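The values are calculated or read from the model by the stated rules, or taken from the named source; none is laboratory data. These numbers were taken from a predicted model, which means no experiment stands behind them. So basically every Cβ, Gly included, is an ideal-geometry build from the backbone, and we count neighbours across all protein chains shown. Only protein heavy atoms, including side chains, enter the accessible area calculation; ligands, DNA and RNA are left aside. Shrake-Rupley method; radii C 1.70, N 1.55, O 1.52, S 1.80 Å.
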Amino acid sequence: MKKLILPLLLLLGVLDANAQENKDHNFDVIKNLDVLNVIYKHLDMMYVDTLNANEVIGNGINAMLQTLDPYTTYYPEEKLKELKYFVTGSYAGIGSIIRYNSQLKRVIIEEPYEGMPAAEAGLKRGDIILEIDGEDMTKATQDVVSNHLRGESGTSFIIKVLRPSTKKTMKLKITRKTIQTPAVPYYALREDGIGYINLNSFTEGCSKDFRRAFISMRNQGMKGLVFDLRNNGGGSEMEAVNIVNMFVPKGKLIVSNRGKMKRVNHDYITSVEPIDTVMPIVVLVNGNSASSSEITSGALQDLDRAVIMGSRTYGKGLVQMTLEMPYNGILKLTSNKYYIPSGRCIQAVNYRRNKGGYIEEHVPDSLTKVFYTANGRKVKDGGGIMPDVEIKPDSMTNLVYNLVAIRDSNELVLNYELDYVNSHPTIARAEDFEISDADYEEFKQRVLKSNFNYDHATEKYLDELEKLAKFEGYYDDTKTEFENLRKKLKHNIEKDLDFNKKTLKEYISNEIVTSYYYQKGTIAHSLRKDKDMLEAVKLLNSPEEYNKILQP
């Protein structure tokens, strides 16, 4: 009897502690909500200026959510269009990417979509937006211009633009329509029987588009598939399950959601017969492949149904749900972690709250655990999906980075492209086009004449090393060596442009192709020399090597 009493007393102690903890928590919730309510009432009544309730309380709500994680967000009624676009990929507008050009201090047309109102009205890449329905846009931000371009489907407006290549100002009438950004912007079957599908988002219905592309190529004799999920940030979890279901048998567990509330926990199991369980598949991923991309690639890896190739994925193992709020608002909140078939969660970051918000703590490799695929291959949790075949991404030299990644400071590539397009009514097929050596020489001379400059990384490191040598007393003995090294590392832009010729020619050619063949052409052009794609094709053409990777 005594043996039973002690555990029972301990259990009662735990229950009492839990009850007290819940009671304290509930009291803290009520107390702080009451304090917040009273503070705002006094501010509204006594503060020297009239308060904007939407702004003040909205900022308070956002500040509260920013202490949690980057995915928990509140959408008031006026911002629901943002959420709708995220979920469906659909909005009403002109169908074009725009961006702010910091050199011109204007918003420009970056990329009109094929067959959309912007392209049909005659807008082209580089056009500078001056007015919309008579309202001056020369000092407007990108968000302001975007809000003016979007509206109800079927409504029209007049846009005034300046075309830099011709120096002409034009007024064009555009009628907005519902724009559905394509989830599958490009797919194609190569002559060797290898198919390629690019999926750029997991919006509603994307699995149907993917299915149509796959069946179309299979009917043409496809013998292997390259499934490109690079730079796909995810979206609908159900769409990911639907795509995996095309390649694995009915009744397989694909992903499990687990969180605080048991009623929102859910297991996603394949519910229909697959369309193909044997065709070899290589899935391409990179550091920007996240969420549903990781569910798809991770499930196919865990079930040994595909070879994953590329670089480690982002590592988002969290799931969000939406809740209706008063006055037509929506709260998107992180409710679960997800676990793929092997039982692992690939979340790379823990979000720890502190006074100023949250702190990101990356899961170290030493703390990851080993799991096993269906065939018994070792895989790990934490830190995203590690590819079966790792391909290191190309590093970008300092010159290329300054010309391409932070081009707003100079716009040399854009200006050259616009002049090229203006003087070339047509170009070769997207797959075949490349600027000539003479074209590149012209671009190079433009850069040299523009007095373009950038921080030279080697000189920067040499300066730091020189400071350290002086601090530690070694400089006087090594002064001559430092001076000789500085002469050899002297900034030489012409030499840098020659060294990076191959990379810059490819980039400029790809930018030019976009102006003629839109997104489809850009992808088709880039695949010619894409090392991930070339390695995937090589593997799919080597059945023994492919099968060997999927064995334990």
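Being open to solvent by 10 Å² or more (accessible area, probe 1.4 Å), more than 24 Å from Leu540 (Cα to Cα) and either out of contact with any strand residue (DSSP E or B) (no Cβ under 7 Å at 6 or more places or on another chain) or basic (Lys, Arg) (or both), is that true of even one residue in segment 302-321? Please lay out each step first, then the result.
Taking segment 302-321 first, the residues open to solvent by 10 Å² or more (accessible area, probe 1.4 Å) are 303-305, 311-312, 314, 316, 318-321.
Subset that is more than 24 Å from Leu540 (Cα to Cα): 314, 316, 318-321.
Within this subset, residues satisfying the condition of being either out of contact with any strand residue (DSSP E or B) (no Cβ under 7 Å at 6 or more places or on another chain) or basic (Lys, Arg) (or both) are 314, 316.
Among the residues of segment 302-321, at least one is open to solvent by 10 Å² or more (accessible area, probe 1.4 Å), more than 24 Å from Leu540 (Cα to Cα) and either out of contact with any strand residue (DSSP E or B) (no Cβ under 7 Å at 6 or more places or on another chain) or basic (Lys, Arg) (or both), which makes the answer yes.
Within segment 281-301, take every residue that is surrounded by 24 or more Cβ atoms within 10 Å (Cβ to Cβ) and of a type in the set (Val, Ile, Thr) and give me the one that is nearest to Val255 (Cα to Cα).
Ile295
Quick one: which strands (runs of 3 or more DSSP E) lie wholly within segment 36-145 and hold at least 2 residues that are polar (S, T, N, Q) and under 29 Å from Tyr516 (Cβ atoms)? Give the derivation first.
Values: elements: 73-75, 90-93, 96-101, 106-112, 128-132.
Because the criterion is at least 2 residues that are polar (S, T, N, Q) and under 29 Å from Tyr516 (Cβ atoms), the strands (runs of 3 or more DSSP E) in segment 36-145 that meet it are 96-101.
So in segment 528-543, with the set limited to residues that are open to solvent by 60 Å² or more (accessible area, probe 1.4 Å) and part of a loop (DSSP other than H, G, I, E, B), which one is farthest from Asn422 (Cα to Cα)?
Asn541
Go over the candidates Leu448, Leu414 one by one and state the one that is within 20 Å of Leu504 (Cα to Cα) and open to solvent by 50 Å² or more (accessible area, probe 1.4 Å).
On the way: Leu414 fails: open to solvent by 50 Å² or more (accessible area, probe 1.4 Å).
Being within 20 Å of Leu504 (Cα to Cα) and open to solvent by 50 Å² or more (accessible area, probe 1.4 Å) holds for just one of Leu448, Leu414, which is Leu448.
With a cut-off of at least 3 residues that are at pLDDT 95 or above, name the strands (runs of 3 or more DSSP E) lying wholly within segment 225-336. Working first, answer last.
Working: elements: 253-259, 266-269, 281-285, 307-310, 318-325.
Ranges flagged: 253-259, 266-269, 281-285, 307-310.
Report yes if Gln180 is within 20 Å of the chain's Cα centre (by Cα) and either open to solvent by 30 Å² or more (accessible area, probe 1.4 Å) or modelled with pLDDT under 95 (or both), otherwise no. Write out each step before concluding.
Details: within 20 Å of the chain's Cα centre (by Cα): yes; either open to solvent by 30 Å² or more (accessible area, probe 1.4 Å) or modelled with pLDDT under 95 (or both): yes.
Against the criterion (within 20 Å of the chain's Cα centre (by Cα) and either open to solvent by 30 Å² or more (accessible area, probe 1.4 Å) or modelled with pLDDT under 95 (or both)), Gln180 qualifies.
Determine which single condition Tyr187 fails, assuming it passes every other condition in (1) free of Cβ contacts under 8 Å to residues at least 60 places away in the same chain; (2) assigned to a helix (DSSP H, G or I); (3) surrounded by 18 or more Cβ atoms within 10 Å (Cβ to Cβ).
Result: Tyr187 passes all but (2).
So which of Asp463, Asp477, Asp439, Asp394 is in contact with a helix residue (DSSP H, G or I) (Cβ under 8 Å, 6 or more places away or on another chain), among the charged types (D, E, K, R) and loosely packed, with under 14 Cβ neighbours inside 10 Å? Before you say what the answer is, go through the steps one by one.
Working: Asp463 fails: in contact with a helix residue (DSSP H, G or I) (Cβ under 8 Å, 6 or more places away or on another chain); Asp477 fails: in contact with a helix residue (DSSP H, G or I) (Cβ under 8 Å, 6 or more places away or on another chain); Asp439 fails: loosely packed, with under 14 Cβ neighbours inside 10 Å.
Exactly one of Asp463, Asp477, Asp439, Asp394 is in contact with a helix residue (DSSP H, G or I) (Cβ under 8 Å, 6 or more places away or on another chain), among the charged types (D, E, K, R) and loosely packed, with under 14 Cβ neighbours inside 10 Å, namely Asp394.
Condition test on Glu273, is it among the charged types (D, E, K, R) and under 10 Å from Thr296 (Cα atoms)?
Working: among the charged types (D, E, K, R): yes; under 10 Å from Thr296 (Cα atoms): no.
No, not satisfied.
Considering each residue of segment 71-104, count those that are open to solvent by 40 Å² or more (accessible area, probe 1.4 Å) and in contact (Cβ under 8 Å) with a residue 12 or more places away in the chain, and give that number. Can you show your working first?
Step one: list which residues in segment 71-104 are open to solvent by 40 Å² or more (accessible area, probe 1.4 Å), which gives 73-74, 77-82, 84-87, 97, 100, 102-104.
After this cut, where a residue has to be in contact (Cβ under 8 Å) with a residue 12 or more places away in the chain as well, the list is 73-74, 77, 80-81, 86-87, 97, 100, 102-104.
Residues flagged as open to solvent by 40 Å² or more (accessible area, probe 1.4 Å) and in contact (Cβ under 8 Å) with a residue 12 or more places away in the chain within segment 71-104 amount to 12.
Exactly one of (1) touching a strand residue (DSSP E or B) at 6+ places or on another chain (Cβ under 7 Å); (2) open to solvent by 20 Å² or more (accessible area, probe 1.4 Å); (3) more than 21 Å from Gly382 (Cβ to Cβ) is unmet by Arg258. Its number?
Among (1) touching a strand residue (DSSP E or B) at 6+ places or on another chain (Cβ under 7 Å); (2) open to solvent by 20 Å² or more (accessible area, probe 1.4 Å); (3) more than 21 Å from Gly382 (Cβ to Cβ), Arg258 violates only (3).
Looking at segment 482-527, which of its residues are within 30 Å of Gly122 (Cα to Cα), open to solvent by 30 Å² or more (accessible area, probe 1.4 Å) and out of contact with any helix residue (DSSP H, G or I) (no Cβ under 9 Å at 6 or more places or on another chain)?
Gln519, Lys520
Out of all the residues in segment 136-157, is one or more in contact with a helix residue (DSSP H, G or I) (Cβ under 7 Å, 6 or more places away or on another chain) and either at pLDDT below 95 or over 24 Å from Lys520 (Cα atoms) (or both)? Before you say what the answer is, go through the steps one by one.
Narrowing segment 136-157 to residues in contact with a helix residue (DSSP H, G or I) (Cβ under 7 Å, 6 or more places away or on another chain): 137.
Checking the rest, the ones that are also either at pLDDT below 95 or over 24 Å from Lys520 (Cα atoms) (or both) come to 137.
Looking for residues that are in contact with a helix residue (DSSP H, G or I) (Cβ under 7 Å, 6 or more places away or on another chain) and either at pLDDT below 95 or over 24 Å from Lys520 (Cα atoms) (or both), one finds at least one in segment 136-157, hence yes.
Consider segment 534-552. How many of its residues are β-branched (Val, Ile, Thr) and closer than 18 Å to Gly193 by Cα? Lay out the reasoning, then the answer.
In the first step, residues of segment 534-552 are kept if they are β-branched (Val, Ile, Thr); the result is 537, 549.
Filter once more, so that each one left must be closer than 18 Å to Gly193 by Cα: 537.
Adding up the residues that qualify gives 1.
Of all residues in segment 93-130, how many are among the polar types (S, T, N, Q) and touching a Leu at 6+ places or on another chain (Cβ under 7 Å)? It would help to see each step written out before you state the result.
Filtering segment 93-130 down to residues among the polar types (S, T, N, Q) leaves 96, 101-103.
Cutting the leftovers down to touching a Leu at 6+ places or on another chain (Cβ under 7 Å) gives us 96.
Count: 1.
Which pairs do you get when a residue that is touching a residue at least 60 places away in the same chain (Cβ under 8 Å) and of a type in the set (A, V, I, L, M, F, W, C), found in segment 335-348, comes within reach of a residue that is assigned to a strand (DSSP E or B) and open to solvent by less than 10 Å² (accessible area, probe 1.4 Å), reach meaning Cβ atoms under 8 angstrom, with the pair 6+ apart or on two chains?
Ile340/Ile254; Ile340/Val255
Where residues in segment 161-177 are surrounded by fewer than 18 Cβ atoms within 10 Å (Cβ to Cβ) and of a type in the set (Lys, Arg), which of them is nearest to Ala121 (Cα to Cα)?
Lys173
Quick check on segment 344-355. Is at least one of its residues open to solvent by less than 80 Å² (accessible area, probe 1.4 Å), out of contact with any Pro (no Cβ under 6 Å at 6 or more places or on another chain), basic (Lys, Arg) and on the phi < 0 side of the Ramachandran plot?
Among the residues of segment 344-355, at least one is open to solvent by less than 80 Å² (accessible area, probe 1.4 Å), out of contact with any Pro (no Cβ under 6 Å at 6 or more places or on another chain), basic (Lys, Arg) and on the phi < 0 side of the Ramachandran plot, which makes the answer yes.
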